[in-house]
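Written below as structure tokens is the structure these notes are about.
The values are calculated or read from the model by the stated rules, or taken from the named source; none is laboratory data. Not measured: the values here are computed from a predicted model. Note: ideal-geometry Cβ built from the backbone for every residue, glycine included; neighbour counts use all protein chains shown. These accessible areas exclude ligands, DNA and RNA; they are computed on the full protein's heavy atoms, side chains included. Shrake-Rupley method; radii C 1.70, N 1.55, O 1.52, S 1.80 Å.
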Amino acid sequence: MSEVFARIAGTGSYLPARCVTNDELSKTVDTSDEWIFSRTGIRERHYAADNESASDLALIACQRAMKAARVDANDIDLIIVATSTPDMVFPSTACILQDKLGVKEAIAFDVQAVCAGFVYGLATAEKFIRTGAAKCTLVVGTEVFSRIMNWQDRTTCVLFGDGAGAVVLKASTEPGILSTHLHADGSYRQALCAPGTVENGKIRGSPMLTMEGGAVYKFAVKAFEDVAWEALHANGLQPDAIDWFICHQANQRIIMHAAKRLAMPDDKVVITVDRHGNTSAASIPLALDVSVREGKIKPGQIVLMAALGGGFAWGAAIAKW
Ligand code: ACO
């Protein structure tokens, strides 16, 4: 029997209609376009409407990815949703999305790896496909981080945005996902968290995002570099074999710092954080979809993805387009 590979067959994304620039944000938060842009590269971000949930954003991103991949609801046999801002405590956002998509009986579950969620989801779906347990999967990162922002904390609330990005991953006789590499270190869980929980009908602790920005920055740059080398070595590749470096879009300074350590030229580094802010699990599939639709990523090219988020959880994937 010939080997089964997993290939990205289509991408899609969705940004909520409301776009808020740094100047607009500085009317309600004690900040400025100059501070935000010089520290992070962010110019604007999108916020979901009150009646839009993570599954609503995911629905449109998935429909666009399915159209691009030329598959319909009957073809999908696995849905993995990466989110830290689910519609509800349970059931999973993936089950809600499955129903909204009109997909019947596909396996559906969420993964929780914060900003690394999409890479975790991709790695999981790839293993389902390679073992023959699934043939046509949806992997979607979707977030409404605006709901967990502390608007009194200017060090965090200016950084994040809402959005969704999705890929259709299909079984193929040709290699697509070349390898995936996942890591976690829970001893850093306080550095980036939303520690609140529900207890006896009340919220216990703060449900808002808190972050030790400097610690995250330092850890992220090293983790991106290390995990990228791990992925390159696993495939016998050098950085010059990579056509596009898609790093989690948290902060342009972190991305360029990591790219420099990998000797990755600037023109191979995808930047969407300027337009999207940090959309957590949605950031890599959003950047993928933008790059595909802008005609940057072309068939046969090699894409290196690297992500890190709360936990810390981090990982990388190399895909042949
Ligand atoms: N507007 C204006 N001033 C601000 C703002 C703001 N939004 N936020 C903080 N400041 C002020 C601070 O109060 C401080 O003032 P002070 O010197 O008078 O006390 C000053 O700016 C400098 O603050 P620092 O925190 O030292 O700023 P720094 O240059 O380190 O940048 C930042 C902060 C951008 C958060 C940086 O630490 C960073 O990028 N960290 C990575 C965090 C990140 O991207 N996390 C995303 C999730 S993790 C991930 O996805 C990888």
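Could you please let me know if A49 is within 16 Å of the ligand (Cβ to nearest atom), among the aliphatic types (A, V, I, L, M) and touching a Pro at 6+ places or on another chain (Cβ under 9 Å)?
Criteria not met by A49.
Please pick out the residue among V290, V270 that is open to solvent by less than 10 Å² (accessible area, probe 1.4 Å) and either within 22 Å of R64 (Cα to Cα) or among the acidic types (D, E) (or both).
V270
What is the residue count in the range 38-68 for residues that are in a helix (DSSP H, G or I), touching a residue at least 24 places away in the same chain (Cβ under 8 Å), within 30 Å of G214 (Cβ to Cβ) and open to solvent by 30 Å² or more (accessible area, probe 1.4 Å)?
Number satisfying all stated conditions: 1.
Checking S283 against (1) in contact with an Asp or Glu (Cβ under 9 Å, 6 or more places away or on another chain); (2) free of Cβ contacts under 8 Å to residues at least 12 places away in the same chain; (3) not hydrophobic (A, V, I, L, M, F, W, C), which single condition isn't satisfied?
It fails just one condition, (2).
Yes or no, residue by residue, for (1) in contact with a Gly (Cβ under 7 Å, 6 or more places away or on another chain); (2) touching a residue at least 60 places away in the same chain (Cβ under 8 Å):
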{"site": "T83", "(1), (2)": "yes, yes"}
{"site": "P91", "(1), (2)": "no, no"}
{"site": "C95", "(1), (2)": "no, no"}
{"site": "G102", "(1), (2)": "no, no"}
{"site": "I107", "(1), (2)": "no, no"}
{"site": "V111", "(1), (2)": "yes, no"}
{"site": "V119", "(1), (2)": "yes, yes"}
{"site": "A123", "(1), (2)": "yes, yes"}
{"site": "K127", "(1), (2)": "no, no"}
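Tell me, which helices (runs of 4 or more DSSP H) lie completely within the range 79-168 with 3 or more residues that are open to solvent by less than 60 Å² (accessible area, probe 1.4 Å)?
Passing ranges, in order: 93-101, 117-130.
Would it be correct to say that L178 is among the aliphatic types (A, V, I, L, M), more than 16 Å from the ligand (Cβ to nearest atom) and not in a loop (DSSP other than H, G, I, E, B)?
yes
Please go through the range 194-226 and pick out each residue that is within 11 Å of the ligand (Cβ to nearest atom), touching a Ser or Thr at 6+ places or on another chain (Cβ under 9 Å) and among the small types (G, A, S).
G213
Name every residue in the range 69-78 that is outside any helix (DSSP H, G or I), open to solvent by 30 Å² or more (accessible area, probe 1.4 Å) and in contact with a Cys (Cβ under 9 Å, 6 or more places away or on another chain), in order of residue number.
Once the filter is applied, which keeps residues that are outside any helix (DSSP H, G or I), open to solvent by 30 Å² or more (accessible area, probe 1.4 Å) and in contact with a Cys (Cβ under 9 Å, 6 or more places away or on another chain), the range 69-78 yields only D77.
How many residues are in contact (Cβ under 8 Å) with a residue 60 or more places away in the chain, among the hydrophobic types (A, V, I, L, M, F, W, C) and either within 14 Å of the ligand (Cβ to nearest atom) or part of a strand (DSSP E or B) (or both) if we restrict to the range 7-19?
Number of matching residues: 2.
When the residues of the range 293-321 are narrowed to those that are within 11 Å of the ligand (Cβ to nearest atom) and in a strand (DSSP E or B), which ends up most open to solvent (accessible area, probe 1.4 Å)?
Across the range 293-321, the extreme among qualifying residues is W314.
Only one of D33, D56 is within 16 Å of the ligand (Cβ to nearest atom) and modelled with pLDDT of 95 or more; which?
Going through D33, D56 in turn, the sole match is D33.
If only one of A231, A263 is among the aliphatic types (A, V, I, L, M), under 23 Å from K320 (Cα atoms), assigned to a helix (DSSP H, G or I) and away from the ligand (no atom under 16 Å from the Cβ), which one is it?
After ruling out the rest, the residue left standing is A231.
With the condition kept exactly as written, say whether any residue in the range 202-216 is in a strand (DSSP E or B), free of Cβ contacts under 8 Å to residues at least 60 places away in the same chain, closer than 19 Å to A113 by Cβ and of a type outside the set (D, E).
yes
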